[in-house]
Amino acid sequence: MTLIKSISGIRGTIGGREDESLTPIDVVKYATAYADVIISAENKKIVVGRDARLSGFMVNQLVCATLISKGVEVIDLGLSTTPTLEMAVVNENAAGGIILTASHNPKQWNALKLLNASGEFISAPLGADIIERVKNSNFEYDTIDNIGSYESKEGYIDWHIDQILKLDLVDVDAIRQKNFKIAIDAVNSTGGIALPKLLQKLGVNEVIELYCEPNGKFSHNPEPLPEHLKDLSEAVLSNNAHLGITVDPDVDRLAFVSENGDMFGEEYTLVAVADYVLSQKKGSTVSNLSSTGALRVVTEKYGCDYSASAVGEVNVVKEMKATNAVIGGEGNGGIILPELHYGRDALVGIALFLTHLAKSGKSMSYLKASYPAYIISKNKIELTPEIDVDLILEKLTEKYQNHPINTIDGVKIEFEDEWVHLRKSNTEPIIRIYAEGSTMSIADSLVNKIKSDIKELLTA
């Protein structure tokens with residue numbers, strides 16, 4: 001059983017013991033602490049929503065009841081996407097929001113993702129304050145005359161889609177004229193509600209739906225990686241579709257399959273969208289340290305500046321605001337368009353990508369071939385109590401001190417035409433090892449070399 005507290009929220013497996021997994025007691029404690037730091041006498045409104053995972057209803061009931069006991073005006077969106085809730089927080093003039101989702105994690109996981117009044121992830125200091133309050137557990141709840149209220153609101157996904165359609169960067173006519181046939185895989189969560197609605201309003205009349213019933217019974221591992229998308233690839237080929245689209249359970253990550261059944265590559269979701277956005281409006285771009293170098297190349301093609309942030313949406317957003325970026329995100333398929341809101345949003349990513357594809361007149365495979373060829377090898381090392389992550393990173397920094405090194409988030413080591421990035425995950429008990437090269441064999445070789453280095457350090 002696992003409970004992880006980070007800038008990505010309070011994430012854990014369902015069941016087990018208190019403070020060792022996401023138990024009902026932990027849900028109540030963290031919801032209480034969040035209310036204590038986010039609401040004020042002037043604003044006691046909090047927006048709540050959830051993805052479709054099996055534990056969602058239970059956790060939602062616990063969160064809403066706890067917030068009411070703290071005097072909160074609860075607005076419950078029910079089944080929602082993360083970006084929808086982020087925008088709803090602002091639209092409702094709420095003090096904050098909680099989206100109940102473990103994102104790409106398997107069905108036994110759930111999480112409280114905590115948002116501020118801007119519909120953005122709370123800051124690290126605020127998160128630390130919440131964690132400290134839970135440790136102390138000196139909570140006080142309102143008397144009967146001061147308890148809060150509950151209101152259920154439907155229709156926010158439709159409203160979210162309407163806001164996307166209003167963007168100048170989205171060309172519905174261009175998309176409609178292409179008569180796209182598209183296969184979608186919504187991994188049995190809220191993407192099954194949102195994607196068909198979005199595509200219909202974008203003028204896509206032929207949609208092949210896979211796993212769109214939002215029942216939380218994930219038909220495959222919900223992380224949108226190639227090895228989990230074989231059914232989508234086959235659906236694209238068997239139906240002679242122009243492309244395939246998939247999202248994770250809370251619809252903030254986006255990946256595509258080309259017309260030939262090949263993966264477009266989640267790293268290239270942001271690259272392609274940025275290419276289109278920069279063709280329409282110049283400005284800087286941002287991604288995290290573990291994202292492909294192809295974004296830098298595409299950005300500089302337009303004479304614009306690129307910068308990298310630490311991993312995590314809150315860090316990307318901070319860097320985007322600092323550089324006034326017009327587009328940004330993460331290499332895991334996350335698209336952030338500030339013109340709409342500062343949050344990863346697969347729905348706006350789909351609209352922008354389809355506009356780009358329609359206007360380019362290219363096939364998916366041809367479009368992909370037009371971008372710099374980089375391949376990322378994504379690996380991990382399971383953490384055990386005897387592994388001192390900080391010491392490992394320190395020793396690796398010493399070993400490769402003659403190479404350019406970035407230590408703002410773990411350790412990123414740059415070689416002549418490759419790089420490797422090691423960091424402790426915010427969402428799982430693992431060390432992530434990402435390496436990029438011109439071919440998968442080069443990237444894999446670099447990962448294996450670093451793993452060998454770590455093995456030596458552990459046995460030294």
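Considering only the stretch 63-74, I want to know if a residue exists there that is assigned to a loop (DSSP other than H, G, I, E, B), modelled with pLDDT of 95 or more and either among the β-branched types (Val, Ile, Thr) or surrounded by fewer than 21 Cβ atoms within 10 Å (Cβ to Cβ) (or both).
Yes, the stretch 63-74 has at least one match.
Within the set of pairs 6 or more residues apart or between chains, which connect a residue that is in the same structural domain as His242 (by TED's automatic domain parsing) inside the stretch 261-288 to a residue that is surrounded by fewer than 24 Cβ atoms within 10 Å (Cβ to Cβ) and assigned to a strand (DSSP E or B) with Cβ atoms less than 7 Å apart?
Close Cβ pairs (under 7 Å, with a partner that is surrounded by fewer than 24 Cβ atoms within 10 Å (Cβ to Cβ) and assigned to a strand (DSSP E or B)) amount to Glu267/Ile376; Ser284/Tyr306; Ser284/Ser307; Thr285/Tyr306; Val286/Ser307; Ser287/Ala308; Asn288/Ala308.
For Lys318, state whether it is free of Cβ contacts under 8 Å to residues at least 12 places away in the same chain and either in a loop (DSSP other than H, G, I, E, B) or assigned by TED's automatic domain parsing to the domain that holds Leu422 (or both).
When the stated conditions are applied, Lys318 does not pass them.
Contact list please: Cβ distance under 6 Å, first residue in the stretch 105-119 and over 19 Å from Glu428 (Cβ atoms), second residue at pLDDT 95 or above and charged (D, E, K, R), pairs at least six apart or on different chains.
Gly119/Glu86
What helices (runs of 4 or more DSSP H) lie completely within the stretch 94-195 and have 2 or more residues being surrounded by fewer than 18 Cβ atoms within 10 Å (Cβ to Cβ) and in contact with a Gly (Cβ under 6 Å, 6 or more places away or on another chain)?
Where helices (runs of 4 or more DSSP H) fall fully within the stretch 94-195 and carry at least 2 residues being surrounded by fewer than 18 Cβ atoms within 10 Å (Cβ to Cβ) and in contact with a Gly (Cβ under 6 Å, 6 or more places away or on another chain), they are 172-177.
Taking the criterion of being small (Gly, Ala, Ser) and in the same structural domain as Val348 (by TED's automatic domain parsing), would at least one residue in the stretch 156-178 satisfy it?
Yes, the conditions are met somewhere in the stretch 156-178.
When both residues are 6+ apart or on different chains and their Cβ atoms are under 6 Å apart, which pairs have a first residue that lies in the stretch 379-404 and is touching a residue at least 60 places away in the same chain (Cβ under 8 Å), and a second that is of a type outside the set (D, E, K, R) and surrounded by 13 or more Cβ atoms within 10 Å (Cβ to Cβ)?
Sorted first by the residue in the stretch 379-404, then by its partner, the pairs are Asn379/Ile433; Asn379/Val447; Ile381/Ile431; Ile392/Ile454; Ile392/Leu457; Lys395/Leu457; Leu396/Val411.
Could you please find all residues in the stretch 278-293 being at pLDDT 95 or above and under 20 Å from Ala443 (Cβ atoms)?
Of everything in the stretch 278-293, just one residue is at pLDDT 95 or above and under 20 Å from Ala443 (Cβ atoms), namely Ser287.
Among (1) outside the structural domain of Asp262 (by TED's automatic domain parsing); (2) on the phi < 0 side of the Ramachandran plot, there is one condition Gly410 misses while meeting the rest; what is its number?
(2)
Please state which of the following conditions Ile433 fails to meet, knowing it meets all the rest: (1) crowded, with 19+ Cβ neighbours inside 10 Å; (2) within 24 Å of the chain's Cα centre (by Cα); (3) touching a residue at least 60 places away in the same chain (Cβ under 8 Å).
For Ile433, the exception is condition (3).
In this structure, is Ala128 in contact (Cβ under 8 Å) with a residue 24 or more places away in the chain and not hydroxyl-bearing (Ser, Thr, Tyr)? Before you say what the answer is, go through the steps one by one.
Working: in contact (Cβ under 8 Å) with a residue 24 or more places away in the chain: no; not hydroxyl-bearing (Ser, Thr, Tyr): yes.
The answer is no for Ala128.
Would you be able to say whether some residue in the stretch 439-460 is in a strand (DSSP E or B) and in the same structural domain as Glu382 (by TED's automatic domain parsing)?
no
The values are calculated or read from the model by the stated rules, or taken from the named source; none is laboratory data. Worth saying up front: this structure is predicted, and the values here are computed from it rather than measured. Virtual Cβ from ideal backbone geometry, glycine too; neighbours counted across all protein chains shown.
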